[in-house]
Amino acid sequence: MSGVRHTCRHGFYLRETAPGAPRGTVLFVHGLGESGLCFEHLLVRPELAAWRLLVPDLVGYGRTPRDGRPRALNDHADDLVGLLDALEVARTVVVGHSMGGVVAVVLAARCSERVSLVIDVDGNTSPGDCVYSGRAAALSLEAFVAGGHEAMLAEIYRAGLNDAAQRGYYVSQRLCDPVTFHRNSGELLALSQPEDLAHRRAALAAPLVYVAGAPGGACARSRQLLAIERASGLSLRGGEL
C-alpha cells in the first residue's frame with residue numbers, strides 16, 4: 001500500500017502511516033484470533049489521511065514474533081502502552097474491535113491521560129458476544145490445542161466460501177497462537193459473565209463511542225445493557241440503538 005510502512009518494531013509487526021504534521025494518532029486493536037489485516041483497508045482511506053495510523057498485530061497473533069509467553073488481556077494493554085512509549089506517542093485515539101474493544105477499555109482505564117477517545121466496535125459485553133471465545137473456553141487447553149482449534153478453523157473456512165469477512169478471519173486465525181487464543185477466550189468469557197462491562201465503559205475518564213454492528217455484531221442482551229448506560233454519557237452508534 002502506498003504510504004503505509006510494514007515493519008517489525010518494538011516487538012510488534014506494525015503497519016503505520018506517517019503524514020507530515022499529523023492531526024493526531026489512532027491506534028487500532030484487533031479482535032480475538034484476528035490480526036491487523038482486518039484494518040488494512042482503513043489505512044488508505046482519504047478521510048484518515050491527516051492522521052498517524054498505527055495497526056499492530058498483538059503478541060500471539062498475526063505476524064508479530066512470539067516470545068513464548070502467552071499474553072493475558074492486561075498484558076496486551078501493557079504491551080501497547082510500551083509501543084506508544086517507544087514511538088513517543090503521548091496521546092492517542094484507540095479503536096478496538098471485539099476483544100480489541102475490551103483491551104482498549106483496559107488501556108484507557110489504566111492510562112486515561114494517554115487516551116483521548118475510545119471507539120469500541122462490538123467489544124464483548126455479555127456472554128452472548130462470546131461466540132468463538134465461548135466455544136474455545138469450553139474446552140481444556142489440551143483439547144483445544146490438540147484438535148479444537150483446527151476444527152474451528154475448518155468451520156471458518158467453510159463459512160468463508162460465502163462470506164468475505166470470514167475469509168479474512170481464516171487467514172488471521174491461521175497465524176495466531178492457539179495457546180494465546182485459548183487464554184484470551186477464557187478471559188473474555190469470564191469478563192462478560194457479570195454483565196458489568198457496559199458500566200465499566202461508561203465509567204471511563206476518556207470519552208467512549210460504542211459501535212454496535214447489525215446484523216452479526218453485539219448481541220441483543222449486550223445492546224440492552226449498553227442502552228442502560230446511555231444516561232451515564234456512553235455514546236452509542238449503529239445497530240438498533
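Assorted remarks:
- Annotation: of all residues in the stretch 184-202 being among the aliphatic types (A, V, I, L, M) and touching a residue at least 60 places away in the same chain (Cβ under 8 Å), the one that is farthest from Leu141 (Cα to Cα) is Ala198.
- In the stretch 219-241, of all residues being over 27 Å from Arg114 (Cα atoms) and assigned to a loop (DSSP other than H, G, I, E, B), the one that is modelled with the highest pLDDT corresponds to Cys219.
- Within the stretch 107-115, the presence of a residue that is of a type outside the set (S, T, N, Q) and in contact with a Phe, Trp or Tyr (Cβ under 7 Å, 6 or more places away or on another chain) is excluded.
- Considering residues of the stretch 162-213 that are closer than 18 Å to Val131 by Cα and among the polar types (S, T, N, Q) only, the residue surrounded by the most Cβ atoms within 10 Å (Cβ to Cβ): Asn184
- Matching residues, the stretch 98-117, being closer than 19 Å to Ser222 by Cα and surrounded by fewer than 24 Cβ atoms within 10 Å (Cβ to Cβ): Val106
- Listed by first and then second residue, the pairs with beta-carbon distance under 6 Å, at least 6 apart or on different chains, first residue in the stretch 147-173 and free of Cβ contacts under 8 Å to residues at least 12 places away in the same chain, second of a type in the set (Phe, Trp, Tyr) and surrounded by 15 or more Cβ atoms within 10 Å (Cβ to Cβ), are Gly160/Tyr170.
- The single condition among (1) out of contact with any strand residue (DSSP E or B) (no Cβ under 8 Å at 6 or more places or on another chain); (2) of a type outside the set (Val, Ile, Thr); (3) modelled with pLDDT of 95 or more that Arg5 does not meet is (1).
- Looking only at the stretch 44-74, and only at residues there that are of a type in the set (Val, Ile, Thr) and crowded, with 16+ Cβ neighbours inside 10 Å, the one that is farthest from Val4 (Cα to Cα): Val59
- The set of residues from the stretch 1-15 being part of a strand (DSSP E or B), over 17 Å from the mean Cα position of the chain (by Cα) and either of a type in the set (Phe, Trp, Tyr) or surrounded by 13 or more Cβ atoms within 10 Å (Cβ to Cβ) (or both) comprises His6, Arg9.
- Of all residues in the stretch 79-97, those being assigned to a helix (DSSP H, G or I), small (Gly, Ala, Ser) and crowded, with 24+ Cβ neighbours inside 10 Å number 0.
- Here Leu139 fulfils each of the conditions (1) surrounded by fewer than 18 Cβ atoms within 10 Å (Cβ to Cβ); (2) at pLDDT 95 or above apart from (1).
The values are calculated or read from the model by the stated rules, or taken from the named source; none is laboratory data. Predicted model only: the values in this text are computed from it and were never measured. Note: ideal-geometry Cβ built from the backbone for every residue, glycine included; neighbour counts use all protein chains shown.
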